[in-house]
């Protein structure tokens, strides 16, 4: 096939494009991922060699000793003095870039914006930038783009997918009340989540994938307000999305929409294992996941399965609870009971398992066994807790047989 049109490659700032208004049918951009990669600093290595080899051919592009960094749209606390200033700089500059996309796009044109970040703080800045630019999302898809073996993914809750957001120019200036559009947002989220679930998308990607569908409804309006007249923030929208996704994911993982018999801590543990498994997660993101199921994470670390390590949160499995946990015999939720049972299973102590399950009322509790099975299914192959759960579940009937029945003394006739 012959191509008769030639392409033009140019260099310009994303915040000041050298094109007239309403010029392009489509704009496709993969903007910086907030604070993930400082591309200018990474480019310094290549820049010095390119300057020596082709610098005389493109003197304007290689006029500086190193790569220019001042205007790079990235959240870099060291460069900007603090995390707060870095966030403000990124949001201001990415908004300018999106406003330029809006300006050069034809009224009926489309913009495709690619973004990937596990942090809700990063998504807040992107949502705010989109809303302030006049663009709104009409469709979105998670696309598997990231290698699991990359260095940034090791021992972290990194995403495997990038979110491709198709946007159009908002042409109507209308206002909506959040309470009125919540049912529409929930319906749209669940429609897309059903599709994503069937396609095998899970974990961190599942939560992030729901942002696009929610924005398809939310972003249609120039302003979304509470009944008090106060504007709904991107943070509040993300909190609502997380709650809807958490409830949906739990119903799918547990294969039941009835969650009433499962305590909040157990819901959190199950969601964590499904979302992050054994990864360390930044405190703020861990706190938001906990809030989605109704618990305050600061009230639970140190005396349960939730652990704090500097600015990170991690969740202990049964082996991580230690001997002290068994000796205390203080079981406050299903996960405590399950972890104790797994540790006794490892000791091949069926009698102790039966006692714990009987004392806590879980021996014949279908919700308990459903949770144990669900955790086993969400954990990856080769995981130690998964192996323990599979062995524990296999012996389910034997614990009932080992149950110690309380002796009933029957008084004999004529006995005093």
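The values are calculated or read from the model by the stated rules, or taken from the named source; none is laboratory data. Predicted model only: the values in this text are computed from it and were never measured. So basically every Cβ, Gly included, is an ideal-geometry build from the backbone, and we count neighbours across all protein chains shown.
If you check 69, 51, which single one turns out to be touching a residue at least 24 places away in the same chain (Cβ under 8 Å) and farther than 30 Å from residue 166 by Cβ? I'd like the intermediate steps shown before the answer.
Details: 51 fails: touching a residue at least 24 places away in the same chain (Cβ under 8 Å).
From the options 69, 51, the qualifying one is 69.
Residues in the stretch 29-43: is at least one in a helix (DSSP H, G or I), more than 28 Å from the chain's Cα centre (by Cα), surrounded by 14 or more Cβ atoms within 10 Å (Cβ to Cβ) and at pLDDT 85 or above? Can you show your working first?
Here is the first cut: in the stretch 29-43, the residues in a helix (DSSP H, G or I) are 39-43.
Checking the rest, the ones that are also more than 28 Å from the chain's Cα centre (by Cα) come to 43.
Narrowing further to those that are surrounded by 14 or more Cβ atoms within 10 Å (Cβ to Cβ): 43.
Still in the running and at pLDDT 85 or above: 43.
Scanning the stretch 29-43 turns up at least one residue that is in a helix (DSSP H, G or I), more than 28 Å from the chain's Cα centre (by Cα), surrounded by 14 or more Cβ atoms within 10 Å (Cβ to Cβ) and at pLDDT 85 or above.
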Report, by residue number, each residue of the stretch 329-365 that is surrounded by fewer than 17 Cβ atoms within 10 Å (Cβ to Cβ), within 28 Å of residue 275 (Cβ to Cβ) and touching a residue at least 12 places away in the same chain (Cβ under 8 Å).
-> 332, 346, 365
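In the list 188, 168, which residue meets the criterion of being surrounded by 13 or more Cβ atoms within 10 Å (Cβ to Cβ), touching a strand residue (DSSP E or B) at 6+ places or on another chain (Cβ under 9 Å) and under 30 Å from residue 104 (Cβ atoms)? Can you show your working first?
Numbers: 188 fails: touching a strand residue (DSSP E or B) at 6+ places or on another chain (Cβ under 9 Å).
Being surrounded by 13 or more Cβ atoms within 10 Å (Cβ to Cβ), touching a strand residue (DSSP E or B) at 6+ places or on another chain (Cβ under 9 Å) and under 30 Å from residue 104 (Cβ atoms) holds for just one of 188, 168, which is 168.
Let's see how each residue does on (1) assigned to a loop (DSSP other than H, G, I, E, B); (2) touching a residue at least 12 places away in the same chain (Cβ under 8 Å); (3) not assigned by TED's automatic domain parsing to the domain that holds residue 118:
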position: 46; (1), (2), (3): no, no, yes
position: 57; (1), (2), (3): yes, no, yes
position: 85; (1), (2), (3): no, no, no
position: 88; (1), (2), (3): no, no, no
position: 91; (1), (2), (3): no, yes, no
Please tell me if residue 68 is surrounded by fewer than 19 Cβ atoms within 10 Å (Cβ to Cβ) and in contact with a helix residue (DSSP H, G or I) (Cβ under 6 Å, 6 or more places away or on another chain).
-> no
Do we have any residue at all in the stretch 216-232 that's in contact with a helix residue (DSSP H, G or I) (Cβ under 7 Å, 6 or more places away or on another chain), surrounded by 14 or more Cβ atoms within 10 Å (Cβ to Cβ) and closer than 24 Å to residue 281 by Cβ?
-> no
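Does residue 61 meet the test of being outside any loop (DSSP other than H, G, I, E, B), touching a residue at least 12 places away in the same chain (Cβ under 8 Å) and surrounded by 10 or more Cβ atoms within 10 Å (Cβ to Cβ)? Reasoning before the result, please.
Details: outside any loop (DSSP other than H, G, I, E, B): no; touching a residue at least 12 places away in the same chain (Cβ under 8 Å): yes; surrounded by 10 or more Cβ atoms within 10 Å (Cβ to Cβ): yes.
No; evaluated as a whole, the condition is false for this residue.
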Residue count for the stretch 69-83, restricted to those that are assigned to a loop (DSSP other than H, G, I, E, B) and within 23 Å of residue 44 (Cβ to Cβ) = 9
